[in-house]
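> Please find one structure pasted underneath; my questions will follow.
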Amino acid sequence: MEIVRSSGSSIQTPEQFRAQGLKAREMLRGELTDAEMEDYVRSRILTTTLDKATAWARGNSLFPATFGLACCAIEMMSIVGARLDIARFGFEAFRASPRQADMLILSGRVSIKMAPVVRRIYDQMLEPKFAIAMGACSSSMGVFNNYAIVPADKFMPIDVHVPGCPPRPEALMYGILKLRSMVQEDPAMGWRERYNAVGTEEVVPAPGTPGETPQAESAVNVFPGEAIQRA
Amino acid sequence: MPDAAALAVLSQDLLATGGVLATRHEHGKARLDVEPAAVVDTLAALKAQGFRSLMSVHGLDYYPEEPRLGVQYELLDMTARDRITVATRVTIADPHVPSVTPAWPTAEHQEREIFDMFGVIFDGHPDLRRILMPDDYEGHPQRRDFPIGGEPVLFTHNEKDVPGWIE
Amino acid sequence: MTDLPTTPPEDDATPAAAATATAAPSKSAYRQMEESITMAPLAQQAMENVHDELLTLNFGPHHPATHGVLRLLVSLDGEIVRDLKPVIGYVHTGIEKTAEQKQYWKAIPVIERMDYVSYFFNAYAFCGATETLLECEVPKRAQYLRVIHLELNRIMSHLVWLGTSALDLGAMSVWWYCFRERETLLDLFEMSTGQRMHTRYFQVGGVIEDIPRGFETKVRQFLKAQREGVKTYGDLLNRNEIALQRLRNVGIVDEQRLLDLGVTGPLLRATGNPWDLRKAMPYCSYEDFDFKIPVGTLGDNYDRYACRLAEIKESCDIVEQALDALPEGPHITDDRKIALPPRHELATSMEALIHHFKLVTEGMRVPAGEVYFPIESPRGEMGVFIRSDGSSKPARVHMRDPSFVNLQATADMCRDSLIADMIATLAMMDPILGGVDR
């Protein structure tokens with residue numbers, strides 16, 4: 001199955017991102033000419049109605065994946081509760097399977113044993129997918145700065161970091177709504193464009209290639225042949 | 001808690017079995033220091049005295065004093081509502097302690113944790129492997145000379161040195 | 001429930017055929033063929049290859065029903081669990097080693113984040129151990145305030161447990177109600193301590209601040225609502241057909257095996273053993289309060305559920321008694337070498353200033369020694385072992401977490417039961433993986 005990716009943005013390298021930032025500064029200072037201004041506006045906002053409608057729909061129906069790791073998970077459960085009802089925004093459908101989810105709320109400390117598991121789950125999610133690092137431990141190292149914890153930025157792209165230990169449910173709500181406005185208005189801004197982080201899917205290496213993990217005798221690779229990109 | 005007199009009586013019985021190095025009574029609690037080889041017998045003798053529950057097995061690192069690694073057993077007598085500690089110490093060069101898991105099944109995970117964190121090898125443990133760290137981790141993290149690790153805290157003076165910093 | 005298909009009688013076809021033969025004159029070939037088919041060959045097959053192939057299935061660490069990042073390697077025989085191995089370490093945070101790097105009072109927030117639902121208990125065990133080493137006297141008012149917060153935290157932990165367990169069984173309404181009550185509790189914590197979770201309220205020598213005005217009224221309102229709530233949960237679940245079928249006679253392990261495995265807490269009390277450290281070896285003024293210890297009879301999942309539900313009500317009683325009898329006095333010890341002096345003294349007294357400075361920069365010096373301080377947390381015996389080498393930082397902190405030890409009983413509880421029973425048993429065991437992995 002072929003995956004056709006719409007190259008919505010032309011930002012591919014950090015230099016281009018920097019150039020865009022400088023252009024934004026010029027725009028704010030009023031130094032752009034008419035033609036440049038028009039180009040800038042066109043590159044920055046979604047002009048087609050269909051794009052806008054899709055973005056609106058996507059933003060209003062984010063399915064979070066149930067990914068509670070530690071204390072922040074208890075506060076994440078609180079926003080599903082009746083006081084800070086996340087269902088009024090349409091996000092109450094927590095999906096257990098990552099294939100059905102499009103938002104990963106990484107709530108809790110990520111230990112070095114858990115990091116590959118998180119990455120695998122993130123890879124199994126389908127595009128477009130978003131990640132929120134909830135709490136201090138997943139955003140940075142948090143309260144614990146030691147051998148056992150990995151900040152989430154080290155192994156997966158995060159869109160929104162919500163600080164707090166644990167963040168109040170209102171704070172997490174603010175972070176989720178910020179993500180929603182990002183999805184609805186300008187998906188091109190932020191972390192993922194800057195680090196060219198789109199397209200993180202799980203790729204099963206073909207048997208015999210160096211990337212393949214050794215498997216037991218009795219295990220069967222159900223994906224024979226060349227490495228395929230699974231959507 | 002057995003008071004000092006009861007502790008003396010207790011240790012008299014145990015001294016007969018051998019292996020008891022010292023007895024201590026601090027903070028209202030009795031404590032027996034034993035040699036590693038005598039651990040299983042001491043715990044069995046205490047079980048016969050009524051301390052039938054092993055509540056905790058934990059390890060510690062006495063760096064820089066030698067012998068460095070210590071293992072302590074916390075016993076509880078539910079009928080008499082008493083506690084007693086049994087402590088032993090081993091060196092890093094020869095970190096072998098006989099496992100008490102066959103007689104006290106509760107020690108299984110706890111001894112694995114001590115092995116994982118300190119490197120004490122429990123002879124006779126049914127399944128001695130790492131429990132908290134990944135299986136292929138090198139080193140024993142809770143030893144006192146193992147570095148704490150972690151990420152450097154970013155300030156403006158060192159943020160440019162972080163790999164991936166984009167000017 | 002877990003019976004293998006038994007061999008039906010071999011000759012069930014013949015009597016029927018004989019009966020119909022006498023009733024109807026002739027039977028079509030189809031009818032004869034239909035009646036000649038019995039379950040005998042299948043039963044024979046079932047008897048012969050007696051399930052000698054076990055399927056190893058991996059549950060988790062990312063799984064909605066494993067209550068945290070617990071990984072279970074389950075050997076299955078059809079749908080029956082034959083063996084179970086828990087793999088833990090997926091949320092190992094190195095709390096014990098981090099605590100060695102921090103001064104005693106700075107380590108309290110780190111220790112609190114271990115068993116992340118019962119944070120007051122973690123903090124109290126640590127503070128209690130430090131106070132034992134320091135031989136520090138905790139004022140009576142501080143002890144009562146500690147008891148109030150500990151028991152409120154016990155209620156909160158049991159509410160989280162009840163909500164998530166009922167959710168696992170499918171009873172979603174209970175989840176909403178429990179979390180609604182929990183929000184009120186967290187408001188109470190925020191009122192007295194300033195933070196909903198991980199409050200750093202317990203300090204060495206007492207509590208950091210006295211309770212504000214209006215706290216007592218709000219707590220009493222909450223207790224009244226909570227007693228109604230306990231009745232509601234009981235009405236919803238106690239005689240619920242589905243709850244009974246899923247919990248009754250499921251996951252039974254006998255008392256001696258649990259004692260051998262070191263299991264304490266509601267799991268042990270469900271078998272009938274009334275071991276509770278609050279009554280057996282009281283600490284922190286628990287001997288002043290009059291409360292009962294709920295015990296079960298069978299030791300199955302239903303008894304564990306019933307024990308915890310009853311414990312919520314008992315905790316409400318304890319909090320009420322503590323509020324009624326709350327003595328006046330300081331909320332933290334007067335020893336300036338341990339607790340910070342009140343701020344108004346800093347302007348007038350030089351000693352207070354120096355004490356404040358030393359405590360904040362260097363921390364309190366704890367005399368060398370080793371102590372193990374156990375308390376009764378919602379999951380069982382939580383003990384903190386501290387070794388001090390005389391400096392202001394602990395040389396070794398070990399938390400004997402109840403869930404870590406209780407998890408060893410999972411295999412015994414789930415053996416020879418169905419997968420669905422395993423899920424229910426895990427829920428009733430109430431493991432908190434933060435404590436298991438530390």
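> Using Cα-Cα distances under 8 Å and only pairs 6 or more residues apart, what relative contact order does the range B:26-167 have, in percent? Could you put the intermediate results ahead of the total?
Details: 228 pairs, mean separation 28.6, N = 142.
Relative contact order, the range B:26-167: 20 percent.
> In a GNM of chain C with a 10 Å cut-off on Cα contacts, which of C:Val384, C:Val360, C:Val174 has the highest mean-square fluctuation?
In the Gaussian network model the winner is C:Val360.
> Treat every Asp and Glu Cβ in chain B as -1 and every Lys and Arg Cβ as +1, leave all other atoms uncharged, and give the resulting dipole magnitude about the Cα centre to the nearest 20 debye.
660
> 5 Å is the cut-off here: which amide hydrogens, built 1.01 Å from N in the peptide plane, fall below it relative to C:Arg396, excluding neighbours closer than 5 in sequence?
C:Arg387
> Sticking with this structure for a sec: Pop out the ³J(HN,Hα) list for the range C:127-137 in order, Karplus 6.51 cos²θ - 1.76 cosθ + 1.60 with θ = phi - 60°, rounded to Hz; leave Gly and Pro as x.
Listing the rounded values in order: 4, x, 5, 5, 5, 5, 5, 7, 6, 9, 8 Hz.
> Choose one answer from B:Tyr62, B:Tyr73, B:Tyr137: the residue with the largest mean-square fluctuation in a GNM of chain B with alpha-carbon springs under 10 Å.
Highest fluctuation among the options: B:Tyr137.
> Within 12 Å, Cβ to Cβ, of B:Val90, how many net charges do the neighbouring residues add up to if Lys/Arg are +1 and Asp/Glu are -1? Before the final figure, lay out the partial values.
Numbers: positive: B:Arg68, B:Arg89; negative: B:Glu35, B:Asp61, B:Glu66, B:Asp94, B:Asp123.
Spelling it out: positives minus negatives among the neighbours equals -3.
> At 20 °C and 1.002 mPa s, grab the translational diffusion coefficient of the range C:294-427 from Stokes-Einstein with a Kirkwood Rh over Cα pairs, rounded to a whole number in µm² per second.
So the translational diffusion coefficient is about 109 µm²/s.
> Right, another one. Specify the inter-centroid distance of the range B:95-157 and the range A:135-189, based on alpha-carbon positions, in whole Å.
First find each Cα centre; the distance between them is then 31 Å.
> Compute the helix-to-body angle for C:350-361: its Cα long axis versus the longest principal axis of chain C, expressed 0 to 90° and rounded to tens.
Here the helix axis deviates by roughly 30 degrees.
> Right, something else. Roughly what angle does helix C:215-237 make with the longest principal axis of chain C, taking Cα atoms, 0 to 90 degrees, to the nearest 10?
It is inclined by approximately 10 degrees.
> Now for a different question. Return one quarter of the surface area of the convex hull spanned by the alpha-carbon atoms of the range A:46-159, equal to its mean projected area, in nm². Don't skip to the answer; put the middle values down first.
Numbers: hull surface 31.0 nm².
Directional mean of the projected Cα hull area for the range A:46-159 stands at 7.7 nm².
> Given the protein assembly as shown, what percent of its DSSP beta bridges are antiparallel, to the nearest 5?
Bridges in the protein assembly as shown are about 75 percent antiparallel.
> Now a separate question. Can you check how the C-alpha radius of gyration of the protein assembly as shown compares to 2.2 N^0.38 Å, as a plain ratio? Show your work: numbers first, answer last.
Numbers: Rg = 30.4 Å, N = 836, 2.2 N^0.38 = 28.4 Å.
This ratio for the protein assembly as shown stands at 1.07.
> Continuing with this model, one more query. For C:Lys358, which lysines qualify as cross-link partners when the Cα separation must be under 19 Å and same-chain residues fewer than eight apart are set aside?
C:Lys102, C:Lys106, C:Lys337, C:Lys393
> Sorted from fewest to most neighbouring beta carbons within 10 Å, what does the list B:Phe146, C:Phe126 look like?
Details: B:Phe146 17, C:Phe126 26.
Fewest-to-most Cβ neighbours within 10 Å comes out as B:Phe146, C:Phe126.
> While we're on this one: I'd like the distance between the alpha-carbon centres of the range C:193-212 and the range C:105-152, rounded to an integer number of Å.
About 9 Å separates the Cα centre of the range C:193-212 from the one of the range C:105-152.
> Report ³J(HN,Hα) in whole Hz for each residue of the range B:121-129, in order, from the Karplus equation J = 6.51 cos²θ - 1.76 cosθ + 1.60 where θ = phi - 60°; Gly and Pro get x.
My calculation for the range B:121-129 gives 9, 9, 6, x, 6, x, 8, 8, 8 Hz in order.
> Which residue fluctuates the most in chain B, going by a Gaussian network model with Cα springs under 10 Å, if the choices are B:Leu75, B:Leu154, B:Leu128?
B:Leu154
> Can you list residues whose amide H is under 5 Å from C:Ser377's amide H, if they're 5+ apart or on another chain and H is modeled 1.01 Å from N?
Residues meeting the criterion, in which the H sits 1.01 Å from N, are C:Met382.
> Antiparallel as a % of all DSSP beta bridges within chain B, to the nearest 5?
Working: 23 of 31 bridges.
Antiparallel bridges: around 75 percent, rounded to the nearest 5.
Laboratory data are not the source of any read-out in this text; all were calculated from the coordinates shown. Everything numeric here is computed off the predicted structure, so don't read it as measured data. Note: ideal-geometry Cβ built from the backbone for every residue, glycine included; neighbour counts use all protein chains shown.
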